[in-house]
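The values are calculated or read from the model by the stated rules, or taken from the named source; none is laboratory data. It should be emphasised that the depicted structure is a prediction, and the values quoted were computed from it without experimental measurement. Positions of Cβ are generated from backbone atoms using ideal geometry, with glycine treated the same way; all protein chains shown enter the neighbour counts. To get the accessible areas, we keep the full protein, side chains included, count just its heavy atoms, and leave off ligands, DNA and RNA. Shrake-Rupley method; radii C 1.70, N 1.55, O 1.52, S 1.80 Å.
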Amino acid sequence: MTSYEVAHHILQEVDEVLQRVQEKQVAHFREAIRKTRRIFLFGAGREGLVMRSFAMRLMHLGLDVGVVGDMTTGPITSHDLFIVSTGPGTLETAGTLIARAHRAGGRVAVITAQPTAELPQEADLLLVIPGQTMAEGTASTSTQPMGSVFEQAMWILFDALVVQLKDDLGETYESMTARHTNLE
């Protein structure tokens, strides 16, 4: 197969995953973002990179955002939302952070492909992206290794959410661009 053919197949896999995302869950997730004071995000590995990119766009929308682990991220309170990505539904670090957020009174939104796993059960809000993750191991139906299709679907879904949130919040491309760093 050519690289284009492989890329086209990957796009088809991502499309199949996104078709199975429940719009009602997306709407609740979007509403939670709109109604919170501050948003904290966490993910590990490649999921963490997707979460960081989402945090950047939320900041461009004018929202108060922190990425867990950054030195400038403040404390979570009862007015805040903690968004955690755990595709396989299990991750010791995420579990510890979810417990801490709950103890501080924060709401927790979990993004996962495994809604019946341990950590999604701790969520106040659940967003299921039914793509292959590391949890499937060698039983994968994807041509891609490990959790790539979950991560890619999450990235595209977040970009779609940013477009919707832009309209919800009355933002423009100009107002978002004005918040982009000038230290590059």
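When the chain is treated as a Gaussian network with alpha carbon springs shorter than 10 Å, the biggest mean-square fluctuation among PRO75, PRO115, PRO130 belongs to PRO75.
Taking the stretch 65-89 and a reference point 7 angstrom along Cα→Cβ of LEU49, the backbone N atoms nearer than 20 Å belong to 67-70, 84-89.
Close amide H contacts of LEU41 (hydrogens built in the peptide plane, cut-off under 5 Å, sequence separation of 5 or more or a different chain): GLY66, VAL67, VAL68, ILE83. Working value for the chain: equivalent-ellipsoid semi-axes of 26, 21, 15 Å, each the square root of 5 times a Cα gyration tensor eigenvalue, largest first. Over the chain, what relative contact order in percent results from Cα pairs under 8 Å that are six or more residues apart? Result for the chain is 24 percent. Seen from SER85, the other residues with C-beta closer than 13 Å to its C-beta sum to a net charge of 0, counting Lys and Arg as +1 and Asp and Glu as -1.
Working note: Karplus 6.51/-1.76/1.60 with θ = phi - 60° gives the stretch 115-127 the couplings x, 8, 6, 4, 5, x, 5, 8, 7, 7, 9, 10, 10 Hz, where Gly and Pro are set to x.
Between THR116 and GLU16, the distance separating the two model label sites (each 7 Å from Cα on the Cα→Cβ line) works out to 2.1 nm. Taking all protein chains together and a 1.4 Å probe, the residues MET51, MET146, MET71 rank MET71, MET146, MET51 from largest to smallest accessible area.
Annotation: per residue accessible area for the stretch 113-179 equals 52 Å², rounded to a whole number [probe 1.4 Å, protein chains only].
Counting only protein heavy atoms, what percent of the accessible surface of the stretch 1-160 is carbon or sulfur at a 1.4 Å probe? Heavy-atom surface of the stretch 1-160 belonging to carbon and sulfur, 1.4 Å probe: 55 percent.
When the Gaussian network model of the chain links Cα atoms closer than 10 Å, the mean-square fluctuations of LEU165, LEU11, LEU127 top out at LEU11. Based solely on its DSSP helices, what 222 nm [θ] is calculated for the chain when runs of n ≥ 4 H residues each add -39,500 (n - 2.57) and the sum is averaged over all residues, nearest 500 deg cm²/dmol? It comes out at -15000 deg cm²/dmol, rounded to the nearest 500. The calculated FRET efficiency for THR77 paired with GLU5, based on their beta-carbon distance and R0 = 35 Å, is about 0.10. In a reduced charge model with +1 at each Lys and Arg Cβ and -1 at each Asp and Glu Cβ, the chain shows a dipole moment near 600 debye about its Cα centre.
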